Amino acid sequence: MKFEDMKLIYGYPLQLQASNSAGQPERFSCRLIGCLPGRSILLSVPKLAGKLVRFRTGQKLVARLMVDNGIGIFASTVEIQTADPYPILHISYPDNVSFKGIRGATRVAIDEPVQIVNLSLISDQQISGNVVDVSVTGARIEAASAFGEIGHKIQVTMKVAVANIIRDLTLEGIIRSRGEADPQNVSNSIAYGVEFIEPEEDKRLLLYAYVYAQIGSEEIIGS
């Protein structure tokens, strides 16, 4: 896929991955300002802790962006970073953009704490567990104690990070399966398969953003 074929509007969000002085990956969020096909792409300069990030001429980058029902990824190089009349990051124009389609049921492995409330029971007791994988349609949750039966309606709350922004995300779901997390593990944790049925659009959008960001991170690491 060619970059120009995506027909991105100005202000479109991208994520950049670079390596720091210790060789560790760092990710930054920015926006498309403009481009000259075949020559360069102009981006806003990301900020970290309120300060503009400084990129080196010749520094290698990997860029990621959400397009339609998938993720576009391309390699690039910093051409120059300018400060006047306003900060702009110029990066090389990619020969092509790799595209990975995402199915609604695509799951990503995570390990995040979650609080569960069973809405089918007359109780406001919260049970702690861990989300071990998640998709835009559901999740697998493991807990040390039972929090419901198949068919019960539950509410799950977890912290999600998208573009260095952390939010509490609360979703409604239905328990679709229940079993032992690992029959060989003496901890006897219980594993639940949960289908999300959240009616609020804003919460579903945040879920999509979080899951796609996780999928995109896996793609960048593997590229």
Which of the residues that make up the range 22-42 are closer than 20 Å to M66 by Cβ and either assigned to a loop (DSSP other than H, G, I, E, B) or of a type in the set (G, A, S) (or both)? S29, G34
Which condition from (1) in contact (Cβ under 8 Å) with a residue 24 or more places away in the chain; (2) surrounded by fewer than 16 Cβ atoms within 10 Å (Cβ to Cβ) is the one that Q24 breaks? (1)
(1) touching a residue at least 60 places away in the same chain (Cβ under 8 Å); (2) surrounded by fewer than 16 Cβ atoms within 10 Å (Cβ to Cβ): which one isn't true of R56, the others all being true? (1)
Going by the conditions given, is L14 surrounded by 19 or more Cβ atoms within 10 Å (Cβ to Cβ) and outside the structural domain of Q214 (by TED's automatic domain parsing)? yes
Filter pass, D95 being surrounded by fewer than 16 Cβ atoms within 10 Å (Cβ to Cβ) and within 20 Å of L8 (Cβ to Cβ): yes
Kindly evaluate M158 against the criterion of being crowded, with 19+ Cβ neighbours inside 10 Å, part of a strand (DSSP E or B) and in the same structural domain as Y210 (by TED's automatic domain parsing). yes
Which members of the range 131-152 meet the condition of being closer than 20 Å to S189 by Cα and not small (G, A, S)? V131, V132, D133, V134, R140, I141, E142, F147, E149, I150, H152
Mind listing just one residue for me: the one in the range 176-194 that is of a type outside the set (F, W, Y) and within 26 Å of the chain's Cα centre (by Cα) and, of those, modelled with the lowest pLDDT? A181
Output the residue which, of all residues in the range 1-21 that are assigned to a loop (DSSP other than H, G, I, E, B) and among the hydroxyl-bearing types (S, T, Y), is farthest from the chain's Cα centre (by Cα). S21
Among the candidates V78, V67, single out the residue that is among the hydrophobic types (A, V, I, L, M, F, W, C), touching a residue at least 12 places away in the same chain (Cβ under 8 Å) and under 23 Å from Y212 (Cβ atoms). V67
Taking the range 50-78 as the region of interest, how many residues are closer than 12 Å to P94 by Cβ and of a type in the set (S, T, N, Q)? 2
The range 43-152: strands (runs of 3 or more DSSP E) wholly inside it with 1 or more residues that are within 18 Å of the chain's Cα centre (by Cα) and among the aromatic types (F, W, Y) are 70-82, 98-101
All-but-one check, Q24 against (1) more than 23 Å from the chain's Cα centre (by Cα); (2) at pLDDT below 90, failing number (1)
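The values are calculated or read from the model by the stated rules, or taken from the named source; none is laboratory data. Given the structure is predicted, the values throughout are model-derived calculations rather than measurements. In this analysis, Cβ positions are derived from the backbone assuming ideal geometry, glycine residues included, and neighbour counts consider all displayed protein chains.
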